[in-house]
Amino acid sequence: MSASVGVLLQSDVVEAVTRDAAPPVVLTSKPNLWKPDDFAREQIRGLVRRVFFSGEAQPVRHVVFCAAEPQIDITRICDRVARALAEETQSQVALMGRSEETEDVLPANADSQELSSIKSAFNQLASNLWYVRRNGLSECGNGFGTAIHWLCCLKQLRQEFEYVVIEGPAAGVSSEAALLGQMTDGLILVLGAHRTRKATAQKIKQTLQGAQSRILGTVLSERRFPIPESIYNRL
């Protein structure tokens, strides 16, 4: 089976968990050739365009991604979203991650001798993309994860970056996710396609809405299509 990422924006969280995935329609340079990586890339690109460049009156520039459960790894999804966003705009983009591990990191100060404080302190991933460690903004002091801490962090990030992608905590076990959903332009919930249960997703959705967190949409992680790749290639 082929694994990929499915994007469901402005959709019901419960339906996202329970609905079976239909065979996708994929346009590639070779007709009738099913490529999971290409499909995932197009899904991420579509997510970025629909979230950040939808043309709504209220622009979306600072978004937090939260897994429904701690077992769901969202680091790679956040990395892909930030890189795709940086490709879609010439504006400065920050990826705030929970881990210090990133791919294809450029040395700090790689492209400019006049970088601001945050940019000079962290790693540059692309010409307009920086990786900022979640615990790296020492000026925000103690109270890590509290409202005061995040107010300080977000203020600094907004001063230097037009767009910010935040890898947040698991929404099902942390009230911090709801807090971030209030303080940013919105939250995207990452569900395990074959892991997150209907009752769990429904409870998380109700909790976030009760806290007045703006849910921008959902992403299905670990999605697997019911037809093997070899069959898709023959269709």
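The values are calculated or read from the model by the stated rules, or taken from the named source; none is laboratory data. None of these values were measured; they are calculated from a predicted model. All Cβ positions, even for glycine, are placed from backbone atoms using ideal geometry, and neighbour counts span all protein chains on display.
Things worth noting here:
- Filter pass, GLY172 being at pLDDT below 95 and either more than 25 Å from SER54 (Cα to Cα) or part of a strand (DSSP E or B) (or both): yes
- Counting the residues of the range 91-120 that are out of contact with any strand residue (DSSP E or B) (no Cβ under 8 Å at 6 or more places or on another chain) and either buried (at least 16 other Cβ atoms within 10 Å of the Cβ) or modelled with pLDDT of 95 or more (or both) gives 1.
- Residues satisfying the stated conditions in the range 51-81, i.e. touching a residue at least 24 places away in the same chain (Cβ under 8 Å), over 18 Å from PRO169 (Cβ atoms) and either among the charged types (D, E, K, R) or part of a helix (DSSP H, G or I) (or both): VAL51, PHE52, ARG61, ARG80
- Count of the range 182-205 residues which are under 20 Å from ASP73 (Cβ atoms) and either assigned to a helix (DSSP H, G or I) or without any contact (Cβ under 8 Å) to a residue 40 or more places away in the chain (or both): 4
- Of the numbered criteria (1) modelled with pLDDT under 90; (2) of a type in the set (Ser, Thr, Tyr); (3) surrounded by 13 or more Cβ atoms within 10 Å (Cβ to Cβ), the one SER29 fails is (3).
- Of the residues making up the range 87-97, those that are without any contact (Cβ under 8 Å) to a residue 60 or more places away in the chain and closer than 19 Å to GLN43 by Cα are GLU87, GLU88.
Matching residues to (1) touching an Asp or Glu at 6+ places or on another chain (Cβ under 8 Å); (2) at pLDDT 85 or above; (3) buried (at least 20 other Cβ atoms within 10 Å of the Cβ):
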{"site": "ASN128", "(1), (2), (3)": "no, yes, no"}
{"site": "GLY136", "(1), (2), (3)": "no, no, no"}
{"site": "GLY186", "(1), (2), (3)": "no, yes, no"}
{"site": "ALA201", "(1), (2), (3)": "no, yes, yes"}
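- Residues within the range 206-218 that are in contact with a Ser or Thr (Cβ under 9 Å, 6 or more places away or on another chain) and assigned to a strand (DSSP E or B), tallied: 2
- All positions within the range 207-235 that are exposed (fewer than 13 other Cβ atoms within 10 Å of the Cβ) and at pLDDT 70 or above: GLY210, GLN212
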